[in-house]
């Protein structure tokens with residue numbers, strides 16, 4: 001079910017025109033603007049990164065290994081997935097992997113910045129793509145699962161977002177989320193990426209539970225690369241000329257080596273090992 005962005009009337013249907021008040025959201029490049037005030041600018045992210053990420057994500061060890069872990073978790077806990085929303089879908093890189101695994105599922109991707117949506121449309125043509133603010137999700141008991149992958153750390157009121165996700169899920173629906181982990185890893189990289197926080201395991205778990213979810217699975221990842229990450233973070237940076245995407249611009253040989261290390265870590269996680277420490281955290285939960 002959808003909720004009218006003007007009168008809050010709840011209705012069913014593919015179109016966004018409200019049958020009660022007749023309001024239809026404005027569009028840009030064919031995408032509905034469900035939070036038009038934030039479509040071109042907003043807090044929590046630098047939207048010009050989308051163009052660079054669209055090039056850097058493909059084949060990069062970090063994005064590839066994270067995608068493999070996300071898709072594995074979805075397959076394990078939601079094998080019969082019929083509808084899925086990704087919050088902060090960016091350029092559609094994660095959504096494209098989910099689309100390949102679930103060819104018949106109805107996929108929706110949202111972005112607060114409309115600048116990211118054309119890239120996602122190119123990668124996942126069959127997905128419904130909308131401009132939306134995750135703090136006000138206009139769907140009611142609509143999805144089997146909702147994902148937010150390295151998104152909620154950008155938002156000050158992350159608990160509001162988790163409650164909104166809860167309301168957008170069908171009873172028994174699932175949440176899958178990844179976040180950066182460990183406050184002691186905070187560095188200029190986080191500031192440049194517009195992070196509000198890095199999470200501790202207990203903090204994320206408690207917030208998810210307070211939002212009305214039961215935790216099914218959680219683990220750290222980016223564990224085998226944690227020493228390298230720490231050394232990178234404590235190294236002095238040229239703040240004025242700092243490029244937050246520089247860590248993604250690595251040679252092919254190094255990329256292959258790091259990918260192999262990450263895939264070995266993924267094998268350990270799939271085999272039942274739970275990593276206590278790591279640069280990132282994955283959590284899967286179910287709406288109570």
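Nothing in this text is a laboratory measurement; each read-out follows from the coordinates by a stated rule. Not measured: the values here are computed from a predicted model. Virtual Cβ from ideal backbone geometry, glycine too; neighbours counted across all protein chains shown.
What the table below lists for this structure:
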quantity	calculated
Nearest 10 degrees, 0 to 90: helix 61-77 Cα axis against the chain principal axis	50 degrees
Degrees, to the nearest 10: 252-270 long Cα axis against longest axis of the chain	70 degrees
Relative exposure of 179, 71, judged by other C-beta atoms within 10 Å (fewest first)	71, 179
Label of the coordinate-derived value, Kirkwood radius over Cα pairs in Å, listed as (i) 24.6; (ii) 19.5; (iii) 20.0	(ii)
Pair residue 14, residue 27: separation of 7 Å Cα→Cβ label points (nm)	1.2 nm
Whether the stretch 76-122 is rounded, prolate or oblate, judged on the alpha carbon gyration tensor where a/c under 1.5 counts as rounded	prolate
Rounded to 5, percent antiparallel among DSSP beta bridges of the chain	50 percent
Pairwise centroid distance, computed over Cα atoms, of the stretch 2-37 with the stretch 132-190, Å	22 Å
Whole-number percent relative contact order across the stretch 33-287, with pairs defined as alpha carbons under 8 Å at least 6 apart	22 percent
Residue order, fewest to most surrounding Cβ atoms within 10 angstrom, among 275, 262	275, 262
Residue exposure sequence - 126, 270, 170 - by fewest surrounding Cβ within 10 Å	126, 270, 170
Most to least packed among 134-145, 83-94, 211-222, 247-258 [average Cβ atoms within 10 Å]	83-94, 134-145, 211-222, 247-258
Computed [θ] at 222 nm, deg cm²/dmol, the chain (DSSP H ≥ 4; -39,500 (n - 2.57); rounded to nearest 500)	-10000 deg cm²/dmol
Whether the stretch 1-141 is rounded, prolate or oblate, judged on the alpha carbon gyration tensor where a/c under 1.5 counts as rounded	oblate
For the stretch 106-155: rounded, prolate or oblate by the Cα gyration tensor [a/c cutoff 1.5]	oblate
Degrees between helix 158-168 axis and first principal axis of the chain (Cα, 0 to 90, nearest 10)	50 degrees
